[in-house]
Every structure is written in structure tokens, then in C-alpha cells.
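The values are calculated or read from the model by the stated rules, or taken from the named source; none is laboratory data. The structure presented is a predicted model; accordingly, all values stated were derived computationally and were not measured. Note that we place each Cβ from the backbone using ideal geometry, even for glycine, and neighbour counts take in every protein chain shown.
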Amino acid sequence: MHDLLGYAVFLAALTAGGWALAAYMQPVFTGGRSLLSPALGPVERGFYRIAGIRADQPQGWKAYALSVLLFNLLGFLLLYAILRLQGALPLNPDAIPAMAPDLAFNTAISFVTNTNWQAYSGEAQLSSLAQMAGLTVQNFLSAATGMAVGVAVIRGFTGPRGAALGNFWADMTRAVLYVLLPLSLVLGLLLIAQGVPQTLSGAAHVTTLQGAEQLIPRGPVASQVAIKQLGTNGGGFYGVNSAHPLENPTILSNMAQCLSILLIPVAFCFLFGRMAGDRRQGWAIFAAMGVMFVAGLAVIYWAETAGSGLGANMEGKEQRFGAALSALWAAATTAASNGSVNAMHDSFMPLSGLVQMINMQVGEVIFGGVGAGLYGMLLYVVLAVFLAGLMVGRTPEYLGRKIEAREVTLAMLAFLSMPLGILGGAAISASLPAALASVQEGGPHGLSEILYAYSSAVGNNGSAFAGFGAATQWQTTALGLLMLLGRYAIIVPMLAIAGALAAKTRAPVTLGTFPTHGPLFVTLLVLTVTVLGALTFFPVLALGPIAEESARLAGQSF
Amino acid sequence: MSSHPHSRPHTGLYATALRASVAKLHPRALLGNAVICVTAATAAVTTLLALRDLATGAPGAGVNLQIAFWLWVCVLFANFAEALAEGRGKARADSLRATKAETMVKLLAQEDDPAPRLVASGSLRAGQLVLVETGDLIPTDAEVIRGVASVDESAITGESAPVIRESGGDRSSVTGGTRIVSDSLVLRILAEPGKSFLDRMIAMVEGAERQKTPNEIALNILLAGLTLIFLLVTVTLQPFARYSGIAIPVVTLAALFVTLIPTTIGGLLSAIGIAGMDRLMRANVIAKSGRAVEAAGDVDTLLLDKTGTITFGNRMADAFLPAQGVIDRQLIRAALLASLSDDTPEGKSIVDLAHRLLPADDKPAETGAPIAFSAQTRLSGVDLPGRRLRKGAVDAVERFTGRHADPGLRARIDEIARSGGTPLLVAQDDTILGAIHLKDVIKPGVRDRFAELRAMGIRTVMITGDNPLTAAAIAAEAGVDDFLAEATPEMKLDFIRREQAGGRLVAMCGDGSNDAPALAQADVGVAMNSGTPAAKEAANLIDLDSDPTKLIEVVMVGKQLLISRGALTTFSIANDVAKYFAILPALFVAAFPGLAVLNVMNLHSPQSAILSAVIFNALIIVALIPLALRGVRYAPAGAAALLRRNLAIYGLGGLIAPFLGIKAIDLAVTALGLA
């Protein structure tokens, strides 16, 4: 009862926070004056002057997509260089050597694509410079990329006929300056107040009460944790992420981080409704995501508190958070493509693992990544509207725009990338001897470890089952490439769909128009995600977590 | 509307369709349909594997052969659906082709050539002149340049009453295949043999020229994409299963694959399209392209001519209004006598109304010299012994009598004009007896029809040459949403362009040559078959009955076509849930006995489960053929209501039906000992 009340408060705070943030973000991304414009306006304009950006110059979808790809390519090259050269660069108090090429490749892609899959252990393999100038910078930029694409897609879906998708460089600047930086500042300060370290000096040498010498790794932790949560990045300072007592010391820091994971993705739903000029559209998408989130949370909570009949399952969990808060975090971090953890997902009950995997496999659309969750869900909206829209006797339309062959082709292309990446990648990994070396355990749980890793990479989530050895050359390379697929094979077609829709006349709403708000549409959207998204993975899930659960019920364990 | 003897399906049709469905197994025919093509390829591989098993005596060969058999059946059923739909069109085409006999025609060198030359109809070229006389078949599409004749168009329209065709005006076009009943015409040939309206019609109904419509193309892409996804699902399942220590026979994987891909809608998609065109055909409307039928479902605004669509077209007497000091009966008797020899529809309606109002024993029997209407006097009437009765426009009668209507009558005359009616005055010598109220009579049921359209979200706009006052009154009475008064062809065109600029799709019908630009501009243009060649050329649909209200029916057929496609697609995809639950436990239960919990249907054995799913997959196609051909039931309603209803029937139904169906088949398969 206590737990449920806590969940209810959490969801209410999340909804209110997202709603308020959307109200704040609307002028930021539509050229109006926002709350922080008086303070940040001059900074923004000064930045444009230095960078030579003409913020009012609109881009079509191709130019926008090209800007995204170019900018992210440069980000990748920069980060790769830092990781390879960190041994020779300053701000390396613990004298950490250069990262191996394949691991640096994997890590650079991982942070540029907002996945933050960590095949390394941060405190042991990264210098402070790499953490701050490398990872933290990409934490901001990859999140801002997702937000910019999200906003551009919204413009295409909702704008007037012939509208451009906006200017990528201006959208990036505004996302960082007006949204990510202020929010990170607030969250960072809160975390510091809760005891999270923020220092440029290296590890602390302490003598324990027993008189032993201990090395406690420290660094700019609070700043990185703030953006890792707000930007659905998930890459922690410490290898064990937010389960580490210095990364997430208290219940309050835990709740603040958990809220931050979902805050911007939720706000994007409402921003969509606001920019569409019909807030009900935003509520409908929020409701569809919310229903699936709560359903997933319910299963995880039930599975974890019930455990295996001997009380709650506490294996791999922090005593200070308990089963309920670990369940909430697990649902949030896999639904949003965050990937940070406050408990070890490997040790969750099989059914919880099932939900976590489904959250990622449907394409990270249950709130999903910042911006990415919304445009991912709009992909399903296009499919749902096309499938059921014909049933009202008209060519399917969404927000007055007809969904025709071009949009369906692009949507199917984007949609294919999930099963292709996850099933294809996992299938190869389950057959190749070189790949099988990464699996710690046999039987269905081993399959789950592989499947989880590939779902996480393609969904740009970044969390993992702990037993999975991600640092082999095969896995770093394969997962790295699939992170690219999961990110850009959706971004580019979605921008193309937005561009195609923007070119169309908006038909006026009549009684004959397919209604895309209200419970009926929410149900339809949830069913589409379930039947098209989740069912694709049903066969392999049956061999993984479902087989494990059914065997567990029969008294067999893996 | 009349029915055609050949359009009803009969046993011969089924036999032909069965033969055609085998012929459609040819790879080239299969390539047009991605889902069915993939199914056929899978069936072929499965057959080879099953035969190999049979030869080597491997276990399970019997069930594998059955699976292969049912995969082929699935392909054949899909072919059968298409062939049956095409067959109905072919039957109609054959009856049309019968009228296309090669005949000798009388070719004229010039319009008044006294000595026509006999040539074969096949040699005619556009622009040549021919003479057709009583009993002659009109060789091809032509324009009448001289003469008036009655023409039997029943071969094309099914309407047995002959129609008048004459030179000039809007009734100057004749269609190849029709026959002159009386008199003769000089025609200028418009279409070369093989390119006439009749030829196009035959090609259309046969489906030879059928091109995929935009929605159909988009749907095909979606289905191909889903097929690709399920291919990934089944192909990757093998390594996953091997990892788990399970070996899945390829035949079983093939069965899983075919049951998951959307074979139901894939198999019925083209049948739905052809059947939609056929429904239109049976409503006696010829679509020049499938695109127009689909666009009809999308229409937001209907432009309807007032005359003939909303009103009967003729003003009719509605009431007699006596002047001061005149008794009703005196006015009615005078109006009756003044109209007895008036042959115009207005005159007849005055006589009708007078007869209805007068008691049977009080009919005037006087006769006199009729005075016909003339443009100078604008009066008509009768000169009886000792008195002259006249009726006509208000100012004309006032001039005839030299008096003005009394103020009471004047007020009522103004009221008639305001209400959109036409007042006539009746006078005896120099006395104004009273007024007749002529009004446009709205066709019965029209109001309800418009209310239905409004509920569907379609706006109706009335087009009329009347002045705005009259137009407004009739618009209000008929219940249209808007009107365009004193409409000229340019105004119509402008109006359509404005609507389209606002994102609306517009449908209209017309018959005159001056309608052609508007018909071409409209998204859906229906030309009357009686109309001019220009109008028919510009339109994308032609109504053989020349009934302007048909536009509404066209919209309904278009919507029904789209709904049928959406409903069966939803049904097909929803089916997959049950198939997963039938096949997956069957595949894995040997390795993971716990997965028996997924066998919610409690199917007898893994073999029977897989076989039942495959059989269900094939049978559901044949079970849904009638629905595909008939179209999903459609009652006009708003989109929200339609969605709720169809989602409940085809979405929820699609989830539940296969659970029941597969279970039933499993019981049968087990009872028969097939697996």
C-alpha cells in the first residue's frame, strides 16, 4: 500500500513536471520568448555570432538530416580521439592509459547515439578529461540531438503546409542552453547537497576503521549524473551506475534521478500537443505511453515483491532502495532509453527481465529517449492510423495530413530496423563461438543476456544484464554498429516522413475525420505497439525469460 | 437501376474461377502479390522437403505433407478470391462484347451526301461522317450533327426505354453499341474502333486495365514490410532454438512463417478492389479508374445541381391565393380553365392541383379558344364565350387588366417571391382574381440523405441558377449546408478550387459541355451518360442512368471499399496473436515442458497444433471471400462511431476468432487422426 501510494505520487509529480516543462519549452522551440530569455537570450545570440549560425534560416528535411549526421559524425571523431589519447592529455590524475581501439569505437558511438552502453568501467578506464570533455559533452549533445530531431519531426507533423523543419543548429543550441543546462544545474546542486562528489582531484586515499588502505575513486560525479538522467543517457560515473552509494546516496537523490529520467520525454508528449494546437493530441500519446509504462511497472513490482516465494527478491538490489524503488527505476530506465540502473537487472526475476526487454524492443517508445521517444511513437502512430484509418472509409490521415505510400514505405523502413538489429544481432551472437564467450550462464538466462544486450544497443538504452561480457572485440564492434542502426535508421526516415507530411495540405477536421485523441485511439495505439512491436519478439522471449520463468515455477533454476 | 442478366454469380462462374485460380499459379501471375508469392514459394520448398522426408521415411512426413498441401490451398484460395471477383466482371464484359458485332455502316462524304458508301465498321476513323437509320447499330462513339432520333441504349445502361438523341445541346452524344429505334441521324465519329467508350468499359469491367490505387499501393507496401519482418522472426528463430538445444524442422518454421504473414488480407486485397468496381458497375456507374472510386470515399464536399438532384426540376403549383372579394372556387376554376391547354409542366401542375381541390361534381366543362403563351404578352389562357381568362407573370397580368393587385394580394405575392417561389396572377377580363403559388418541390427523402451525409462529415453545396433569395429558401428547405446562387460554370470552377485550396476533396456531377472544366477540376467528377462527349471525357465516372443523386451512392461505395480493406487488414494482423499461442508452445514444449502454459487453447499435440494453425490460415481466406466481394456492411455514421464498431468487430474479433477456430480444427484433426 505504501509502495503504491509512492508510485501514485511519483506519477503525479512526473505528469505535472512534464506538463510544466512543455509549457516552458514551447516558446523556446517556436521562436517565442521564454522564461529564461532575458538571461540567456544574449548568450544565445552571442553564440550564433561566434559560430556563424543563422538561426532563422529554415532547413528542409534533407538539410536537417544531413546536419544531424554531420554533427554526430564530428562528435564521434572527437570523442574517439579523446579516448585514444587520454593517456597523453591533461586532467588525468590517476594516469589512466589510452582506451583500446575497439572499445573506444564502441564507447564513442555509444555516447554519440545517446545509448551510453558501457563496455568499460568508468572509474578505472577514463581520465577526468575524458569524463568531462568527452562523455559529459556528448551526454549534452546526444540528448540535444534527440530533442532537436523530436522538435523538427513535430514541426513537420503539425506545422502549416510547406513549413520547413526548423534549423538544426538553432534547435541544438536552444535545447542545450534553455533546457538541458538549467535543469542539470538544478539537479546537480540537489545531488551535491545529497552527498554526491563533485571534484577535479582524483581518487581519495583513506584508511578504513580496520586500518586498511582504501582508494575511493572520485571526480566530477554530480554534474555527469545530472545530465545522464535528464538526457536519457544513463552512462554513470561509476561502473555500477546509480547503485553506487556515491552516485546515488539517498532516497531523495534516488527519486530526483528517477523523475529526471522521464521528465523530458514526458514533456515532449505535451509539447507535441501544444505545437499541434490541439493539446488533446499530446494527452493521447502521453496516455498510451503511460498505460504501457504502468502495466510494465505493475509486472516488475509484482514479480520483485513476490520474489521466489521467500519474500521480496533482494538479490542485486541496494538495501537502501528496496524492491519497490528498484522496480520503479527498472521500469523507468528501460521504458525511457536511459539505461542507468540502481539495481542489477541481471538479478531481477525472469518476468521483470521480460518487461525490461519488451520496453526496449518496442523501440523505446514508452516515453523513450529525449525527443526520440516521441518520434519513435509517432512512427507507431503512422502505422496505427494507416491500419485502422481505412476503417472509417477515408484515406488515413493524421492531424489532417494524408498517410500515403511514401509515408508507409518510410515508416516500414524505420520499423524494420528494430527486428533486424535485435533479432539479427542476437541470432548471430547466439550462434558464433566468438560471441558466445560473452555469455556467463547457460540455458534460457544466457539467451536473455544476449537478447537484453542487443535490445539495449538497438534501442539506444545502454543498460545490460551484468553477466554479459560486453568487452570482447566481437561484441564491441557488433553492438557499436547496431547502436548506429537503432539511432539513425529511425532518425532519417522519421525526418523524411515529417518532411513529406509538411508538404501536404491539411484537410479540415470533419465528423468524418479519424479521431486521434480519446480513449479509443489510445487503445488502438497501445494495441499497435503490442501486436506489431512486442509480438515480433514473442518467439525469442519464449525461449528466454518466459522459458526461465516457467522452469522456475517448475523448480528448475539457471 | 436495372439488373443485368449476366451479372449474377452462378455455378459456371465458380467453375471458371476454380480453373482460373490454378492458372494463376503461374509465377508471373503470382509476382503481382508479394504476400501470396512468398506463400507459394514457401509452399514449394515445403513440398520438396516433405517429399524428401517421405522418400527417406523420416518421422512426421505425413504431417509435413499435409502442411505443404494446406499451404498450397492457401495460395489457391487467394487466387480463387481474385478470380471470382474478376469473373463477375468478365460475365458483364461478355454481354457488352456481344453488342460489338462488326457491321456495315453508311459512310458519307459530306453531311448531305445522297449516296452513302457501305464500309465495315472496323475501318471507321475519327472525324468521318456516317448515316444511321432505324434499326441500325451505332458503330462507335459519335456526336450527332444532324437529326433527332430515339435510341435504345439498353445494351449499355440496361434501361429499356429509348432516349432521344439530337444535334446540338447536351444530348448530342451517342455511344457505340446502342441502336436507333426510329428516325435517322448523321454522326461524326469520335472514337476509333477499339477505343470507344464500350471498349474502355469492357476493359474496365474485365479488370484488364486495373491499376493499383494509391491506398492499395500503400497497403501493399505495409504488407510486404510485415512479411519481411516475419521472415526475420522465423529465420532468426532457428539459431535461438539451437542455442536452447532445440532443432526445429524447416517445414515447421515454414508453417510458422506463413501463418504469421498477412495472407488473409494479402489474398483478398485485389478481390476487394475488383468487387468495389463491380458494385459500382451494378449501380450502373462506370469508373474510368479505381483511383476515382477511392477518392469518392475521401470526399469532403459534394456539389449538387439543384434541378434534378434536390428538386424535381419543375415548379409546381402549390396553392391558390384569391384576391380580395374573390371566393376560392372562382379563382381555382379560372386557373384550371386558363391552364387546360397549357402543356408545360407548370400548366399541368396547376390543372392537377385544381382537380384535387375542386369537388368532383364541380368541374368546369366549358371550352373555348386557347391562347398560347407568347414572348410578347407573356400570358396564356383561354377565350370563352363572353369572357377572357389569362394567367401569367405578375407584371404581365397587371398590364393585361390595367389594374394593380390589391394590397392584401400584393403582400402575399411578395411573400411567395421571398420564400423562393414564383407567383402567377390569374385574371378574368379586367379583374385580377388571385395568385397561384408555384414552387420548386424538394424530392422526398433528400433532406434525410443530406443529414446522413452531414453525419459522415460531408458538406453538401447546392448549385443553382436561381437568385440568392430563392436559392436560400430552397437550400433551407432541402437542408443543404451551403449554396451557390446564379451559378455560372466559372463560378463552379472557382468554388471547387477554393474548396481544394482549403484541403477539401470535391465531388460534383454534370452533363453539359460547360461543366467540363469543373468536372475535370473536381476530385470526383460524375458525368451523366446523356451528357456531351466533352463532359464525359472530363469526368472520371460516368453514370449510365444519368441520375444526379447517384453521386451519393458513389461516395458510399468508395467508403465501403476503403473500410473493407482496413477491416480485413486489421483482422488479418490481429489473427497473429492466436497463431503464436498455437505454434510456439508446440515448437518448444519438448525442451521446456513449463512452456505448456502458453498452450492456452489446450491443443492436442504439437503436430496437431501446427497443422490446425495452417488449416485455419487457409480456411479463413475462403470464409472471408463473401465479405470481400460484398464489402463490409456500411451504414453512414461519423468516423468515431465507425471506428468503434469496426475495431470491435474486426480488431477484437480478429483476436478471438482464431483461438476458437484453431481449437475447433484441432478437435477435428485429432478426431480424424490426421496428426
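Of the set (1) in contact (Cβ under 8 Å) with a residue 24 or more places away in the chain; (2) part of a loop (DSSP other than H, G, I, E, B); (3) among the aliphatic types (A, V, I, L, M), all apply to A:LEU14 but (2). The criterion of at least 2 residues that are under 26 Å from B:ALA247 (Cβ atoms) and of a type in the set (Ser, Thr, Tyr) is met by the following helices (runs of 4 or more DSSP H) wholly inside the stretch B:6-118: B:34-56.
Among the residues of the stretch B:592-612, those that are more than 14 Å from A:VAL540 (Cα to Cα), in a loop (DSSP other than H, G, I, E, B) and either of a type in the set (A, V, I, L, M) or within 14 Å of chain A (Cβ to nearest Cβ) (or both) comprise B:ASN599, B:VAL600, B:MET601, B:LEU603. Residues considered: A:ALA542, A:ALA534, A:ALA547, A:ALA498. Of these, the only one that is surrounded by 23 or more Cβ atoms within 10 Å (Cβ to Cβ), more than 10 Å from chain B (Cβ to nearest Cβ) and part of a helix (DSSP H, G or I) is A:ALA498. For the stretch A:286-317, a residue qualifies if it is surrounded by fewer than 16 Cβ atoms within 10 Å (Cβ to Cβ) and polar (S, T, N, Q), and exactly one does: A:SER308.
Just to be sure before I move on: is B:GLY147 under 12 Å from B:THR178 (Cα atoms) and at pLDDT 80 or above in the structure I sent? Here the answer is no, as B:GLY147 does not meet what is asked. Within the option set B:ALA648, B:ALA623, B:ALA657, B:ALA668, being within 24 Å of B:ALA78 (Cα to Cα), within 37 Å of the chain's Cα centre (by Cα), more than 8 Å from chain A (Cβ to nearest Cβ) and surrounded by fewer than 17 Cβ atoms within 10 Å (Cβ to Cβ) holds for one residue only, B:ALA623. With respect to (1) modelled with pLDDT of 80 or more; (2) away from chain A (no Cβ under 14 Å); (3) in contact with a helix residue (DSSP H, G or I) (Cβ under 7 Å, 6 or more places away or on another chain), the lone exception for B:ILE221 is condition (2). One residue alone among B:THR464, B:THR431, B:THR488, B:THR460 is surrounded by fewer than 18 Cβ atoms within 10 Å (Cβ to Cβ), more than 23 Å from B:SER380 (Cβ to Cβ) and of a type in the set (Ser, Thr, Tyr), and that residue is B:THR488.
Here is a yes/no grid of residues against (1) in contact (Cβ under 8 Å) with a residue 12 or more places away in the chain; (2) assigned to a helix (DSSP H, G or I); (3) of a type outside the set (Gly, Ala, Ser):
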| position | (1), (2), (3) |
| --- | --- |
| A:GLY202 | yes, no, no |
| A:LEU209 | no, no, yes |
| A:GLU247 | yes, no, yes |
| A:GLY282 | yes, yes, no |
| A:GLY290 | yes, yes, no |
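Looking at B:ALA455, B:ALA411, B:ALA365, B:ALA372, just one residue is more than 17 Å from B:MET316 (Cβ to Cβ), within 14 Å of chain A (Cβ to nearest Cβ) and surrounded by fewer than 19 Cβ atoms within 10 Å (Cβ to Cβ), and that residue is B:ALA455. For the stretch A:387-410, residues that are part of a helix (DSSP H, G or I), more than 7 Å from chain B (Cβ to nearest Cβ) and of a type in the set (A, V, I, L, M, F, W, C) total 1. Applying the set (1) closer than 22 Å to A:ILE264 by Cβ; (2) surrounded by fewer than 23 Cβ atoms within 10 Å (Cβ to Cβ) to A:ARG320 leaves exactly one unmet item: (1). Here the condition is being aliphatic (A, V, I, L, M), within 15 Å of A:ALA457 (Cα to Cα) and more than 20 Å from the chain's Cα centre (by Cα); of A:LEU89, A:LEU103, it holds for A:LEU103 alone.
With respect to A:GLY166, determine if the residue is in contact with a Ser or Thr (Cβ under 6 Å, 6 or more places away or on another chain) and at positive phi. The answer is no for A:GLY166. Restricting attention to the stretch B:217-233, the residues that are surrounded by fewer than 24 Cβ atoms within 10 Å (Cβ to Cβ), in contact (Cβ under 8 Å) with a residue 12 or more places away in the chain and within 30 Å of A:GLU449 (Cβ to Cβ) total 3. In the stretch B:502-516 there is at least one residue matching the filter, namely being more than 22 Å from the chain's Cα centre (by Cα) and under 24 Å from A:GLY512 (Cα atoms).
Candidates A:THR523, A:THR516, A:THR528: the one that is more than 7 Å from chain B (Cβ to nearest Cβ), of a type outside the set (Lys, Arg), part of a loop (DSSP other than H, G, I, E, B) and under 28 Å from the mean Cα position of the chain (by Cα) is A:THR516. Only one entry in B:ILE261, B:ILE246 is more than 10 Å from chain A (Cβ to nearest Cβ) and on the phi < 0 side of the Ramachandran plot, namely B:ILE261. Pairing residues of the stretch A:266-279 that are on the phi > 0 side of the Ramachandran plot with residues that are in a helix (DSSP H, G or I) and buried (at least 23 other Cβ atoms within 10 Å of the Cβ), at Cβ distances under 8 Å and at least 6 apart in sequence or on separate chains, gives A:GLY277/A:THR158. Looking across the stretch B:564-588, the residues that are closer than 30 Å to B:GLY457 by Cβ, crowded, with 24+ Cβ neighbours inside 10 Å and at the interface with chain A (Cβ under 9 Å from one of its Cβ atoms) come down to B:SER564, B:ARG565, B:GLY566, B:ALA567, B:THR569, B:THR570, B:ILE573.
Taking A:THR472 as the residue in question, decide whether it is crowded, with 24+ Cβ neighbours inside 10 Å and over 15 Å from the mean Cα position of the chain (by Cα). It is false that A:THR472 is crowded, with 24+ Cβ neighbours inside 10 Å and over 15 Å from the mean Cα position of the chain (by Cα). Considering the stretch A:422-444, the residues that are more than 8 Å from every other protein chain (Cβ to nearest Cβ) and surrounded by 24 or more Cβ atoms within 10 Å (Cβ to Cβ) include one that is nearest to A:VAL362 (Cα to Cα), namely A:ILE422.
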